Amino acid sequence: MWYLCVFFHRLLDYRRAEVESLAEMLGVYSSLEWRLPENQHPDSPFHLVNLPSEDVARNIANRSILVKGIYELWGEGSSLEQLEESIKSYPEDRKLPYLTCETTFKVTVDSFGKAISFQEQNDRIKSLAYIPFKGRVNLKNPDINFWLMETDDYGAHNGLPPVVQRRIFFGRLVGGADRKLLPTYELKSRRYLGPTAMDAEVAFLMANQAQVMPGKLVYDPFVGTGSILVAAAHFGAMTMGADIDIRAVRDGRGPDCNVWSNFKQYGLPLPVALLRADNNLPPWRPGLKEIFDAIICDPPYGVRAGGRKSGGRKLLKGIVAPYTVPDDKRTGHIPSTAPYSLAECVHDLLDLAARMLVMGGRLILSSRYSRVLLTMVKTGSYTEKVAEAATIKHQEFKENYVKRLEDGNLHSSVFSPVHPQLGEETDSKSCKELKPKYRGKYV
């Protein structure tokens, strides 16, 4: 059945992807289809989705972070008159069960791209007098929620997707995202916080992309203050993390301000383990593989915090020989580290995922430079042949990565404006003129 899926106007590239991941988690991905309502831009919050049942639609909407609501669409039109014709033509046997005198209901008027006054909202509700509502109105806790939503030609210069003409939708709410999670888990109320802590909204989105559920084991090799694992634990997963900085995973800022205290703050299950481990020198014993259901992480890209690996500059350059820390100095010892390049970090992370993820497991990582969230699925077994091919690809990537740094640092190579046709850097004034009017996706 086709439902109206209304998204929040945020993280536009990942809205459909989140729904698809949740549909696959529920085992209904093969029957999922998308299409746009008439005259709607692809970045519009209004989409039509085909799902096998109302229960599936409700489960997806309630678990999602970016779905404002999924609705059984009773009618749509470019005017109130067309909307009336559409609603009257909707099958009576689907409407009548929700219009009985035993039910309580509420009608909510919403809009996208413009504000509707209280008087206009009342006028919209009164225009629905042709619908035979028989139940009692209950504004606080109704049995049935009806929504009337509209979008209008609000102009092309406000950063929102262009609208060809006015469109009005009316439907019954099936389910919607629990956005109360975000103020509950917002970073400003977190006990233990670091400069690279992942935003709560993105952390929950990453957990949904990873199809986190009870019984799954989720690993974060760059755990930091544990923001990503907190989101995974909220959905019932067992969690495990590692970080090269022993002070982050062991000490924090004291006994009541560390990674563990973040889990205790929300009453979540504590991690299975937090390791002091180097992603460049994995701690796993030989032969151990395919134990994690998902690896979710925010690798160090060198903007807020640079990547580090074990060894120290003198050890890596061969100035000093490898050494063993004496037993009497191990308790307070902080191992020396050296810079960890982006090329090495990506290669080691992909190798970790290929080796340690179960078949069908997912690697989710964010790229703060390009504002991209990557989702990768393991589809084949890890073999030495695969490892050899990956090493070759790593060398190719490393060479290209070094070339990008020859004319400046990584930050400038990513953020410098580029002429869309000539591929050359231009001044800020000319770039401003080249920007399209609609920039909402990139804000």
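Please treat every number below as a calculation from the coordinates, not as lab data. The structure displayed is predicted, hence computed values, not measured ones. Every residue, glycine among them, receives a Cβ derived from its backbone with ideal geometry; neighbour counts consider all protein chains shown.
A few points about this structure:
- Other residues whose C-beta falls under 14 angstrom from the C-beta of K188 contribute a net charge of -1, scoring Lys and Arg +1 and Asp and Glu -1.
- Among beta bridges from DSSP that stay inside the chain, the antiparallel ones total about 60%.
- A Förster distance of 60 Å, applied to the separation of the beta-carbon atoms of V164 and K385, puts the FRET efficiency at 0.70.
- Values of log10 I(q)/I(0) for the stretch 184-406 across q = 0.07, 0.08, 0.16, 0.17 Å⁻¹ run -0.22, -0.30, -1.20, -1.34, by the Debye formula with one identical scatterer at each alpha carbon and no solvent.
- Förster-model FRET efficiency, 25 Å R0, R330 and W284, C-beta, rounded to 0.05: 0.70
- Neighbour-count order for W2, W74, W147, fewest beta carbons within 10 angstrom listed first: W2, W147, W74
- Loop chymotrypsin sites (Phe, Trp or Tyr not before Pro), the stretch 84-146, which have at most 10 other Cβ atoms in a 10 Å radius of their Cβ (DSSP): Y130
- Here the label points at I392 and Q265, each 7 Å from Cα along the C-beta direction, are separated by 4.8 nm in the simple model.
- Comparing the stretch 2-179 with the 2.2 N^0.38 Å rule of thumb, its C-alpha radius of gyration ratio is 1.02 (two decimals).
- Residues of the stretch 231-245 falling in the label zone of S189, defined by backbone nitrogen less than 18 Å from a point 7 Å along Cα to beta-carbon, are 231-235.
- Number of Lys pairs (Cα under 28 Å; 8 or more positions apart or on different chains) in the stretch 117-205: 4
- For the stretch 239-360, the square roots a ≥ b ≥ c of the C-alpha gyration tensor eigenvalues yield an a/c of 1.5 or more together with a/b not exceeding b/c, which makes the shape oblate.
- At an R0 of 56 angstrom, the distance between the Cβ atoms of N122 and V358 translates into a FRET efficiency of 0.50.
- Check: the chain dipole with +1 on Lys, Arg Cβ and -1 on Asp, Glu Cβ, in debye: 1220 debye
- Antiparallel %, DSSP beta bridges [both residues in the stretch 2-179], to 5: 70 percent
- Axis angle, to the nearest 10 degrees, between helix 54-63 and the longest C-alpha principal axis of the chain: 50 degrees.
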